[in-house]
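All remarks here apply to the structure that follows.
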Amino acid sequence: MAELNQDSGGGKKGGKVRSKKNGGRVDLTAMVDLAFLLITFFMLTTSLNKPQAMDVAMPDKNKDWNDKQPEIDIADNRSITLLLGSDNKIAWYYGQLAKPITPPTVVDYSKEGIRQLLLEKKAQVPKVAQGKDLIVVIRPSDQSVQRNLVDILDEMKITDIKRYMISKIKPEEVEVLKTNGIYND
């Protein structure tokens with residue numbers, strides 16, 4: 001049992017002898033019990049932050065593909081390709097690389113960069129493609145970092161783009177990154 005003892009100060013003062021008084025006694029057991037009850041209460045009622053994960057639909061593994069990916073035909077007037085390069089930069093083009101509607105241009109990951117571009121293209125495509133959605137092809141290079149891919153997936157969520165895919169970068173697209181100075185040999 002916890003208790004608090006106080007000295008009554010029964011020492012000699014001025015030569016007079018006084019009788020010794022017992023000091024006050026406080027039982028701290030109830031306070032310790034209350035502290036443990038509060039700790040237990042807050043531990044049980046506090047919710048821990050759960051990590052937030054984004055659902056990404058992955059294709060089934062096809063053993064016939066081996067190392068080749070099949071070519072997917074995408075309409076030129078509704079596809080934008082993002083090439084993730086080094087130095088937190090993105091090269092993008094609208095349409096196909098051989099005959100782009102908009103030639104390759106470099107932007108960054110800022111609100112005024114890639115987000116504004118995605119919002120503009122998202123608003124433009126339904127007018128051109130008879131009410132269809134924008135398709136975004138994301139192609140990370142070997143010099144982009146994982147953070148860049150996470151950032152661009154976050155931008156897909158923020159701008160509410162429903163159709164996007166992650167694909168391997170092609171050699172001619174690596175050349176686009178080199179000519180724009182965002183790929184180091």
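The values are calculated or read from the model by the stated rules, or taken from the named source; none is laboratory data. Not measured: the values here are computed from a predicted model. Because the Cβ atoms are built from the backbone with ideal geometry, glycine has one as well, and the counts that use them run over all protein chains shown. To get the accessible areas, we keep the full protein, side chains included, count just its heavy atoms, and leave off ligands, DNA and RNA. Shrake-Rupley method; radii C 1.70, N 1.55, O 1.52, S 1.80 Å.
Scan the stretch 86-100 residue by residue and report those that are closer than 17 Å to GLN124 by Cβ and small (Gly, Ala, Ser).
GLY95
On the basis of being within 26 Å of ASP55 (Cα to Cα), modelled with pLDDT of 90 or more and in a strand (DSSP E or B), does VAL106 make the cut?
The answer is no for VAL106.
Confirm whether ILE158 is open to solvent by 80 Å² or more (accessible area, probe 1.4 Å) and either within 22 Å of GLN52 (Cβ to Cβ) or small (Gly, Ala, Ser) (or both).
Numbers: open to solvent by 80 Å² or more (accessible area, probe 1.4 Å): yes; either within 22 Å of GLN52 (Cβ to Cβ) or small (Gly, Ala, Ser) (or both): yes.
When the stated conditions are applied, ILE158 passes them.
Tell me whether the stretch 126-133 contains one or more residues that are aliphatic (A, V, I, L, M) and at pLDDT 90 or above. Break it down into steps so the answer makes sense when it comes.
Initially, the stretch 126-133 is screened for residues aliphatic (A, V, I, L, M), giving 128-129.
Imposing the further condition that a residue be at pLDDT 90 or above reduces the set to none.
No; the residues of the stretch 126-133 include none that is aliphatic (A, V, I, L, M) and at pLDDT 90 or above.
For the stretch 107-122, what are the residues that are in contact with a Leu (Cβ under 9 Å, 6 or more places away or on another chain) and open to solvent by 40 Å² or more (accessible area, probe 1.4 Å)?
Residue satisfying the conditions is LYS122 alone.
Here's the yes/no breakdown for (1) out of contact with any Gly (no Cβ under 6 Å at 6 or more places or on another chain); (2) surrounded by 10 or more Cβ atoms within 10 Å (Cβ to Cβ); (3) at pLDDT 70 or above:
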site	(1), (2), (3)
LYS50	yes, no, yes
ASP55	yes, no, yes
LYS63	yes, no, no
GLU71	yes, no, no
ILE80	yes, yes, yes
ILE90	yes, yes, yes
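So that you can scan it fast, the table gives a plain yes or no per residue for (1) under 29 Å from ASP185 (Cβ atoms); (2) more than 19 Å from the chain's Cα centre (by Cα); (3) not in a helix (DSSP H, G or I):
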| site | (1), (2), (3) |
| --- | --- |
| ASN77 | no, yes, no |
| ILE80 | yes, yes, yes |
| ASP160 | no, no, yes |
| MET165 | yes, no, yes |
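Can you tell me which condition GLU172 does not meet? The list is (1) assigned to a strand (DSSP E or B); (2) within 22 Å of ASP185 (Cα to Cα); (3) not polar (S, T, N, Q), and all the others hold.
Failing condition for GLU172: (1).
Tally up the residues in the stretch 16-31 that are out of contact with any Asp or Glu (no Cβ under 8 Å at 6 or more places or on another chain) and either among the basic types (Lys, Arg) or open to solvent by less than 70 Å² (accessible area, probe 1.4 Å) (or both), please. Don't jump to the end; show me each part of the working.
Going residue by residue through the stretch 16-31, those that are out of contact with any Asp or Glu (no Cβ under 8 Å at 6 or more places or on another chain) are 16-22, 24, 29-31.
Filter again for either among the basic types (Lys, Arg) or open to solvent by less than 70 Å² (accessible area, probe 1.4 Å) (or both), leaving 16, 18, 20-21, 24, 29.
Residues flagged as out of contact with any Asp or Glu (no Cβ under 8 Å at 6 or more places or on another chain) and either among the basic types (Lys, Arg) or open to solvent by less than 70 Å² (accessible area, probe 1.4 Å) (or both) within the stretch 16-31 amount to 6.
Output the residues belonging to the stretch 23-56 that are of a type in the set (D, E, K, R), in a loop (DSSP other than H, G, I, E, B) and touching a residue at least 12 places away in the same chain (Cβ under 8 Å).
The first filter runs over the stretch 23-56 and keeps only residues of a type in the set (D, E, K, R), leaving 25, 27, 33, 50, 55.
Right, trim to in a loop (DSSP other than H, G, I, E, B) and you get 25, 50, 55.
Scanning the stretch 23-56 gives a single hit, ARG25.
Can we say TYR183 is crowded, with 16+ Cβ neighbours inside 10 Å, of a type outside the set (A, V, I, L, M) and assigned to a loop (DSSP other than H, G, I, E, B)?
In short, yes.
Can you run down the residue pairs with Cβ atoms below 7 Å, 6 or more apart or on separate chains, where the first is in the stretch 128-154 and among the hydrophobic types (A, V, I, L, M, F, W, C) and the partner is open to solvent by less than 40 Å² (accessible area, probe 1.4 Å) and in a helix (DSSP H, G or I)?
Final answer for the pair search is ALA129/ARG78; LEU134/ARG78; LEU134/LYS121; LEU134/VAL125; ILE135/ARG78; VAL136/MET156; ILE138/ILE152.
So which residues in the stretch 123-144 are small (Gly, Ala, Ser) and either within 13 Å of GLU155 (Cα to Cα) or surrounded by 14 or more Cβ atoms within 10 Å (Cβ to Cβ) (or both), if there are any at all? I'd like the intermediate steps shown before the answer.
Quick first cut of the stretch 123-144, residues small (Gly, Ala, Ser) only: 123, 129, 131, 141, 144.
Within the stretch 123-144, ALA129, SER141, SER144 meet the criteria.
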